[in-house]
Amino acid sequence: FLQVTVGFAAMAATAGAVADSEEVRRRAELPSELQTAVASPTTWRLLVAGESNVEPPALSLQDLTRFGSWKLLLPRVTSEAVERNTAYVRSRHQSNPQFFEQARAELDKILHNCKMLCIVEGPVGGAEPEEAFQMVLRAQVFAQGFLKNKQFHKALNLLESCMAISDALVGDNTEGGFPSKVLNTYIVQGFLFWRLLVRANLGEAYHQFHRPEEAQSLLRGALDLLTAAEAKAGSTDEAGEVLEPQPVGPRETVLAGACHVYLSRLAIELGDADEGRRLINCAIAEYECSLIGLADTREDVEDAALVLSTALWIRGNCDVRQEKYDEALSWFARTLETIDKYADMSVDCLHMKETVEAEIRRVKTLQI
């Protein structure tokens with residue numbers, strides 16, 4: 001009997017080890033934006049299974065706003081991480097039909113807590129900015145997966161909820177928001193960043209859902225927020241305290257670049273090549289002054305280079321559309337230089353380079 005008991009215990013331990021190693025493998029397949037180093041395999045097993053009462057480890061606002069946490073959401077021609085996220089969201093939704101409803105319920109709960117903040121003079125349970133923005137970031141990553149899987153209504157629903165939360169958290173909502181004495185504790189840590197990030201993503205979602213007017217309005221509104229923040233920098237409240245010291249930094253500048261990229265694509269599709277060129281020039285200038293400097297790792301540098309090279313690629317295509325082939329070739333050459341300068345081991349860099357080289361050959365043929 002003892003031998004049988006020991007045998008069953010050994011089998012159970014082996015099965016548990018195999019299950020844990022499988023979850024470690026599955027976790028490694030997730031987009032980096034969904035990975036957290038301190039989560040145990042058991043926690044991830046519950047998360048992937050869709051248990052709504054298990055939360056990922058809490059992250060600080062500084063961690064959440066690091067480039068590696070949101071780079072997946074920036075426009076680029078090719079991205080293996082985006083493809084993995086698309087496959088992950090599709091698989092998660094198939095294995096757990098309530099996946100979307102659970103994510104939406106979490107956002108609804110956060111928005112409800114935000115509204116409660118106009119009644120009480122401080123954060124209520126579950127409404128700390130870090131917790132709210134962690135879910136907002138996760139929901140945007142999920143929304144991108146739904147968008148790539150052509151589940152537009154789900155993507156729009158999540159992103160619109162994220163925008164409502166980001167606005168409510170800064171009190172830009174008649175229904176509530178953090179009281180000023182609570183907000184001022186956090187304002188320097190990037191509330192403007194979150195409002196820009198969700199607007200850039202929602203604007204692109206509207207574009208893909210063939211709602212160009214709404215996309216343009218939202219993206220231009222994001223740029224207006226940035227302009228207003230720059231004008232307000234250093235202003236003081238009634239007590240003479242500075243409300244928004246240096247609200248616009250490299251992250252916000254990069255997000256302005258993303259908005260300009262999306263607006264450029266819209267202008268080009270609507271037949272305004274000159275406006276498309278002007279907008280993508282703005283994006284390139286914003287990326288060049290801020291993007292690479294945000295990278296913390298070699299992988300981040302490669303991803304930043306891909307985002308920049310995508311803007312250069314679009315700029316070249318503006319000239320191709322107007323048959324300005326020499327100018328286009330010069331922009332494609334800059335695209336290749338950017339990739340070669342920062343490429344390391346990324347498959348995306350290789351794919352991007354092949355795409356640009358093929359377009360160069362095509363343009364040279366058109367010149368003949």
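The values are calculated or read from the model by the stated rules, or taken from the named source; none is laboratory data. Values in this document were obtained by computation on a predicted structure and should not be read as measured data. Cβ: placed from backbone, ideal geometry, glycine included. Neighbour counts: every protein chain shown. Remember, those area values only see protein heavy atoms, side chains included, never the ligands or the DNA or RNA. Shrake-Rupley method; radii C 1.70, N 1.55, O 1.52, S 1.80 Å.
Annotations
- Applying the Kirkwood pairwise sum to the alpha-carbon positions of the range 318-368 produces a hydrodynamic radius of 11.4 angstrom.
- Distance between the 7 Å Cα→Cβ label points at residue 102 and residue 220: 4.1 nm.
- Counting only heavy atoms of the protein chains and using a 1.4 Å probe, residue 278 has close to 110 Å² of accessible surface.
- Approximate spin-label separation residue 285-residue 152, in nm, with each point projected 7 Å along Cα-to-Cβ: 3.4
- Couplings 3J(HN,Hα) for the range 207-223, derived from phi with the Karplus relation 6.51 cos²θ - 1.76 cosθ + 1.60 (θ = phi - 60°), are 4, 5, 8, 6, 10, x, 5, 5, 4, 4, 4, 5, 5, 5, x, 4, 5 Hz, where x marks Gly and Pro.
- Taking 7 Å steps out from each Cα toward its Cβ at residue 327 and residue 366 produces label points 1.3 nm apart.
- Projection of the Cα convex hull of the range 245-365, averaged over all directions and equal to a quarter of that hull's surface, yields 7.7 nm².
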